[in-house]
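Every number in this text was worked out from the coordinates using simple rules, so none of it is lab data. Keep in mind that this is a model prediction, so the values were computed, not measured. Positions of Cβ are backbone-derived with ideal geometry, glycine not excepted, and every protein chain shown enters the neighbour counts.
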Amino acid sequence: MRLKGALMLGAGLALVSASAMALLRGRTTLLPNRATTHLVTDGPFAFSRNPIYLANALIMAGFGGMSSSPWYDLAAIVCLILDDRLAVRREEAHLAARFGEQWQAYAARVRRWL
């Protein structure tokens, strides 16, 4: 179980790093409370519209696997649900308003999570 947790943790850290690099290459902000300047659709954003939130859940679940505590797994699920309801939907509405047809085409081609 610890190896599985370490692999999940590593995957989450790699995903958040790759996502940050894609945002930096796209010359837009990493901060969720700042307005984005460009729609990034490459790197991890080519297979998930929300790879950073996904990475956070992998990291939390990884800690759960490494510690053998089911609380981390539960927290990862709760965080994904809260992220979806409180952040992702609002962020995606902002992106739809800002980027219009470009966002619509991207959202039609790439799933919200996986």
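Quick check: net charge around ASN33, other residues with Cβ under 13 Å of its Cβ, Lys/Arg +1 and Asp/Glu -1?
+1
Hey, got a sec? Which trypsin sites (Lys or Arg not before Pro) in region 13-58 land in a DSSP loop and have at most 10 other Cβ atoms within 10 Å?
ARG27, ARG34
Using only the alpha-carbon atoms, how far is helix 2-25 inclined from the longest principal axis of the chain? Give it as 0 to 90 degrees, nearest 10.
20 degrees
Of the residues LEU54, LEU82, LEU95, which exhibits the maximal mean-square fluctuation in a Gaussian network model of the chain defined by a 10 Å Cα contact cut-off?
LEU82
Cut-off is 10 Å between beta-carbons; in what order do TRP113, TRP71 appear when sorted fewest neighbours first?
Ordered by Cβ neighbours within 10 Å, fewest first: TRP71, TRP113.
Using only Cα atoms and rounding to the nearest 10 degrees, what angle (0 to 90) does helix 51-67 make with the longest principal axis of the chain?
So the helix axis and the longest Cα principal axis differ by about 0 degrees.
Output the 0 to 90 degree angle, nearest 10, between the alpha-carbon long axis of helix 89-109 and the longest principal axis computed from the alpha carbons of the chain.
The angle comes out at about 80 degrees.
Can you sort SER19, SER69 so the residue with the fewest Cβ neighbours within 10 Å comes first?
Result, fewest neighbours first: SER69, SER19.
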